[in-house]
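J.: Please read through the structure below; I'll follow up with questions.
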Amino acid sequence: QVQLVESGGGLVQPGGSLRLSCAASKSIFSFNAMGWYRQAPGKGRELVALIRDGGRTGTNIQDSVKGRFTLSRDNAKNTVYLQMNNLKPEDTAVYYCYVLYVSTNYWGQGTQVTVSS
């Protein structure tokens, strides 16, 4: 079992920044993948950014957020961060922390990000 605790999110104006955090109950290096997905109203869940194999095999970032969003990690705290800069209204969604561990998908409870003036 893996527990995920998310924090961050909220309401921000276009062009603003937010940082999401996700703390896991196990070492990041034990996971096949860890990162963030999002789901906008009326749409399916989509990948935002993902670290594979603790970073040993690379990071995937959605094209629409490249150059604006950065995925980083603190190994000692078993935590990944999603720094989101230059936010746009189309980034509005519920953001979910995600872990793949021993062939099982784990999801955080979700945190709302709203970009609006």
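The values are calculated or read from the model by the stated rules, or taken from the named source; none is laboratory data. Worth saying up front: this structure is predicted, and the values here are computed from it rather than measured. Cβ placement follows ideal geometry from the backbone for every residue including glycine, while neighbour counts extend to all protein chains displayed. Accessible surface areas use protein heavy atoms only, side chains included; no ligands, DNA or RNA. Shrake-Rupley method; radii C 1.70, N 1.55, O 1.52, S 1.80 Å.
J.: Tell me the trypsin sites (Lys or Arg not before Pro) within the stretch 65-117 that lie in a loop according to DSSP and have at most 13 other beta-carbon atoms within 10 Å.
T.: Hits after loop and neighbour filter: Lys66.
J.: Putting +1 on Lys and Arg Cβ atoms and -1 on Asp and Glu Cβ atoms, find which of Asn60, Gln109, Leu11 reaches farthest to the positive end of the dipole of the chain.
T.: Selected residue: Asn60.
J.: While we're here: Evaluate the charge dipole of the chain about its Cα centre and quote only its size in Debye, nearest 20, assuming +1 on the Cβ of each Lys and Arg and -1 on the Cβ of each Asp and Glu.
T.: The calculated dipole for the chain is roughly 140 debye.
J.: Among the lysines, which fall within straight-line cross-link reach of Lys88, defined as a Cα-Cα distance under 26 Å, with same-chain neighbours fewer than 8 residues apart omitted?
T.: Lys43, Lys66
J.: Right, something else. Most mobile of Thr104, Thr59, Thr79 per a Gaussian network model of the chain (Cα springs, under 10 Å)?
T.: Thr104
J.: I've got another one for you. Report ³J(HN,Hα) in whole Hz for each residue of the stretch 4-14, in order, from the Karplus equation J = 6.51 cos²θ - 1.76 cosθ + 1.60 where θ = phi - 60°; Gly and Pro get x.
T.: 10, 10, 9, 8, x, x, x, 9, 9, 7, x
J.: Let me know the charge dipole size of the stretch 1-62 about its Cα centre in debye, to the nearest 20, where only the beta-carbon of Lys, Arg (+1) and Asp, Glu (-1) is charged.
T.: 60 debye
J.: Cross-link candidates for Lys77: which lysines have Cα within less than 21 Å, leaving aside residues fewer than 8 places away along the same chain?
T.: Lys26
J.: Just to check I understand the Karplus step: with θ = phi - 60° and J = 6.51 cos²θ - 1.76 cosθ + 1.60, what whole-Hz values come out for the stretch 36-50, glycine and proline as x?
T.: Here the 3J(HN,Hα) series is 9, 10, 9, 9, 8, x, x, 10, x, 6, 10, 5, 9, 7, 8 Hz.
J.: Additional query: Relative contact order, percent, of the stretch 44-106 when contacts are C-alpha pairs under 8 Å separated by at least 6 residues?
T.: That works out to 18 percent.
J.: Averaged per residue, what accessible area in Å² does the stretch 4-83 show with a 1.4 Å probe, protein chains only?
T.: For the stretch 4-83, the per-residue accessible area is 50 Å².
J.: With θ set to phi - 60° and the Karplus curve 6.51 cos²θ - 1.76 cosθ + 1.60, what are the ³J(HN,Hα) couplings of the stretch 58-73 in order, to the nearest whole Hz, using x for Gly and Pro?
T.: Listing the rounded values in order: x, 10, 10, 10, 4, 4, 5, 10, 4, x, 10, 9, 10, 9, 9, 8 Hz.
J.: Taking amide H atoms as placed 1.01 Å from N in the peptide plane, list the residues 5 or more away in sequence, or in a different chain, whose amide H sits under 5 Å from that of Gly9.
T.: Counting only residues 5 or more places away or on other chains, the set is Arg19.
J.: Which parts of the stretch 83-112 would a label at Gln39 reach, counting a residue when its backbone N lies under 16 Å from a point 7 Å out along Cα-to-Cβ?
T.: Backbone N within reach: 92-99, 105-112.
J.: Shifting gears a bit: Could you work out what % of the accessible surface of the chain is carbon and sulfur, using a 1.4 angstrom probe and leaving DNA, RNA and ligands out of the count?
T.: The computed percentage sits at 46.
J.: Next question, about the same structure. Please work out how much length the chain gains when fully extended from Val102 to Gln3, using 0.36 nm per residue of separation minus the C-alpha to C-alpha distance, in nm with one decimal.
T.: Extending this stretch completely gives an extra 34.2 nm.
J.: Also: Sequence-distant or interchain residues sharing an amide H contact under 5 Å with Phe69, placed H: which?
T.: Placed amide hydrogens put Asn85 under 5 Å from Phe69.
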